[in-house]
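The values are calculated or read from the model by the stated rules, or taken from the named source; none is laboratory data. Bear in mind the structure is a predicted one, so any value in this text is a computation, not a measurement. Note that we place each Cβ from the backbone using ideal geometry, even for glycine, and neighbour counts take in every protein chain shown. Surface accessibility is based on the protein's heavy atoms, side chains included, excluding ligands, DNA and RNA. Shrake-Rupley method; radii C 1.70, N 1.55, O 1.52, S 1.80 Å.
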Amino acid sequence: MAVHLAARATADGTPNALAVARAELRARRVEVLDLTDSNPTRHGLTHPGVLEALQRATTKADRYQPDPRGPRAAREALAERRGGAPDDYFLTASTSEAYGWLLTLLADPGDAVAIPAPGYPLVEPLARLAAVRTTEYPVNYLHPYGWSTDTAALAKVAARADVRGVVVVNPGNPTGAYVADDERGPLIEAARGGGAALISDEVFGPFHLDGPPRTLAGEDRVLTFALDGLSKLLCAPQLKLGWIRLSGPHDETAAAAAALETIADTYLSVGAPVALALPDLLGLADEVAAATRERLVVNLATARALLDDGGWRVRRCDGGWTALVDVPRWLPDDELALHLLREAHLWVHPGWFYDLPTPGALALSLLPEPEAFAEGCRRLRAAVDGLAI
Ligand SMILES: Cc1ncc(COP(=O)(O)O)c(C=O)c1O
């Protein structure tokens with residue numbers, strides 16, 4: 001008899017038409033300009049000091065000294081730079097792993113967490129793997145004002161008995177929207193009133209563009225888990241280090257910390273070299289984040305110069321690594337992306353890949369080198385305008 005594989009682990013992996021077309025071009029060795037790529041290690045953003053710090057720390061990692069929360073020196077460095085106390089922090093191998101631990105901590109199988117739509121497309125699969133359901137609350141766009149959370153809808157969802165957590169992506173991927181000052185109170189009230197904890201994913205926090213940055217880290221009115229890590233902060237996803245900062249009412253944080261420590265102790269997944277390197281790595285963070293932000297600013301300005309008139313529109317982008325561009329709708333989104341791939345050798349993602357509720361938007365990565373990004377924008381403009389009847 002064939003072995004059973006869990007349904008939640010075997011989602012349909014059939015490639016879509018775009019992925020097939022992309023693979024065909026690759027097989028024919030056709031060079032495609034990729035405006036979807038958000039892997040920072042491919043765009044000249046790696047700081048040499050990062051690997052040097054890792055090498056130095058590796059020589060100190062000869063003895064295994066497990067600590068479920070991560071080495072104290074690393075957590076002290078986080079507390080010093082980010083606020084809070086060393087014991088508020090839990091190191092993880094990635095932010096994605098942090099989601100997994102928190103879903104396990106907060107929700108029994110079949111329970112749910114509220115997630116923003118759009119917010120970050122990987123939250124749903126992470127929840128599915130943890131046997132947790134998701135229920136969406138809307139985040140709406142109005143040009144030129146930007147994105148706003150439907151806090152009334154969120155309050156309704158959070159009040160459900162099965163909803164154990166409210167996920168906020170701050171700022172969102174790909175919306176780039178931070179939790180606005182006037183959303184913060186209703187958001188906290190919705191979570192607290194519904195007996196749900198707040199999970200605030202802040203990996204794109206330092207990369208503010210059209211608006212100021214905002215953080216929920218350290219919020220003390222509701223049990224709050226703020227997530228961050230090196231994959232965006234240092235443009236170093238390969239280092240595999242993230243962290244959770246815990247805050248909230250004292251009685252709740254104490255119980256949550258004890259249970260989270262048990263989960264962390266069960267996995268002990270963080271590698272010693274990167275954890276020991278963290279104090280040095282955090283010393284590079286401001287410089288690396290500033291250089292990355294400069295890249296984002298330049299590319300966003302290019303997108304605005306080339307793609308923001310005559311039926312084209314670059315959406316407000318408060319932060320993050322993605323620009324959302326509304327394009328003239330000569331073709332349905334998937335057909336347009338296929339056309340761009342085949343005719344202009346340009347690879348862009350339609351907005352629905354990121355759960356955008358309305359058609360006509362493309363998501364462009366702001367990470368590529370400025371010349372490549374500008375060339376991609378020019379190709380995009382020419383190819384779409386060339387479709388005009
Ligand atoms: C909003 C958001 N959160 C978390 C992650 C995952 O980060 P990590 O590499 O630490 O798992 C990503 C990765 O793209 C992201 O976009």
Subset of the range 113-171 (residues that are closer than 27 Å to Val327 by Cβ, in a loop (DSSP other than H, G, I, E, B) and in contact (Cβ under 8 Å) with a residue 40 or more places away in the chain): Pro118, Gly119, Tyr120, Pro121, His143, Pro144, Tyr145, Pro171
Selected residue [within 16 Å of the ligand (Cβ to nearest atom), open to solvent by less than 40 Å² (accessible area, probe 1.4 Å) and farther than 16 Å from Ala277 by Cα] from Gly70, Gly119: Gly119
Criterion (surrounded by fewer than 16 Cβ atoms within 10 Å (Cβ to Cβ) and at pLDDT 95 or above) met by exactly one of Ala190, Ala153, Ala159, Ala177: Ala159
Selected residue (only one of Tyr137, Tyr145, Tyr141 is in contact with a Phe, Trp or Tyr (Cβ under 7 Å, 6 or more places away or on another chain) and more than 16 Å from the ligand (Cβ to nearest atom)): Tyr141
Complete set of residues in the range 111-132 that are farther than 21 Å from Ala363 by Cβ, of a type outside the set (A, V, I, L, M, F, W, C) and touching an Asp or Glu at 6+ places or on another chain (Cβ under 7 Å): Asp111
Sole exception among (1) free of Cβ contacts under 8 Å to residues at least 12 places away in the same chain; (2) open to solvent by less than 50 Å² (accessible area, probe 1.4 Å) for Gly386, by number: (2)
Qualifying residue in the range 223-232 (condition: assigned to a loop (DSSP other than H, G, I, E, B), within 15 Å of the ligand (Cβ to nearest atom) and open to solvent by less than 10 Å² (accessible area, probe 1.4 Å)): no
Conditions (1) of a type outside the set (Phe, Trp, Tyr); (2) away from the ligand (no atom under 16 Å from the Cβ); (3) over 22 Å from Ala255 (Cβ atoms); (4) open to solvent by 60 Å² or more (accessible area, probe 1.4 Å); number of the one not met by Arg164: (3)
Options Thr36, Thr59: the member that is more than 26 Å from Thr262 (Cα to Cα), open to solvent by 30 Å² or more (accessible area, probe 1.4 Å) and of a type in the set (Ser, Thr, Tyr): Thr59
Test for Arg316: is it of a type outside the set (A, V, I, L, M, F, W, C), surrounded by fewer than 24 Cβ atoms within 10 Å (Cβ to Cβ) and more than 23 Å from Phe207 (Cα to Cα): no
Among (1) over 19 Å from Ala217 (Cβ atoms); (2) surrounded by 14 or more Cβ atoms within 10 Å (Cβ to Cβ); (3) not hydroxyl-bearing (Ser, Thr, Tyr) - the single one Ala77 does not satisfy: (1)
Matching residues, the range 233-257, being crowded, with 22+ Cβ neighbours inside 10 Å and either at pLDDT below 95 or within 16 Å of the ligand (Cβ to nearest atom) (or both): Leu233, Leu234, Cys235, Ala236, Leu239, Leu241, Gly242, Trp243, Ile244, Arg245
Test: Thr14 is at pLDDT 95 or above, among the polar types (S, T, N, Q) and under 28 Å from the mean Cα position of the chain (by Cα): no
Per-region count, the range 284-309, residues of a type in the set (Gly, Ala, Ser) and open to solvent by 50 Å² or more (accessible area, probe 1.4 Å): 4
Residue in the range 321-337 that is open to solvent by 10 Å² or more (accessible area, probe 1.4 Å), touching a residue at least 12 places away in the same chain (Cβ under 8 Å) and of a type in the set (Val, Ile, Thr) present: yes
Which listed residue is modelled with pLDDT of 95 or more, of a type in the set (A, V, I, L, M), part of a helix (DSSP H, G or I) and under 25 Å from Thr292 (Cβ atoms), from Ala73, Ala79: Ala79
Qualifying positions in the range 36-53 - within 16 Å of the ligand (Cβ to nearest atom), of a type in the set (A, V, I, L, M) and modelled with pLDDT of 95 or more: Val50
Count of residues meeting criterion [in a helix (DSSP H, G or I) and in contact with a Ser or Thr (Cβ under 7 Å, 6 or more places away or on another chain)] in the range 173-196: 4
Of the criteria (1) open to solvent by 10 Å² or more (accessible area, probe 1.4 Å); (2) touching a residue at least 24 places away in the same chain (Cβ under 8 Å); (3) more than 12 Å from the ligand (Cβ to nearest atom); (4) out of contact with any Cys (no Cβ under 6 Å at 6 or more places or on another chain), which one Asp210 fails: (4)
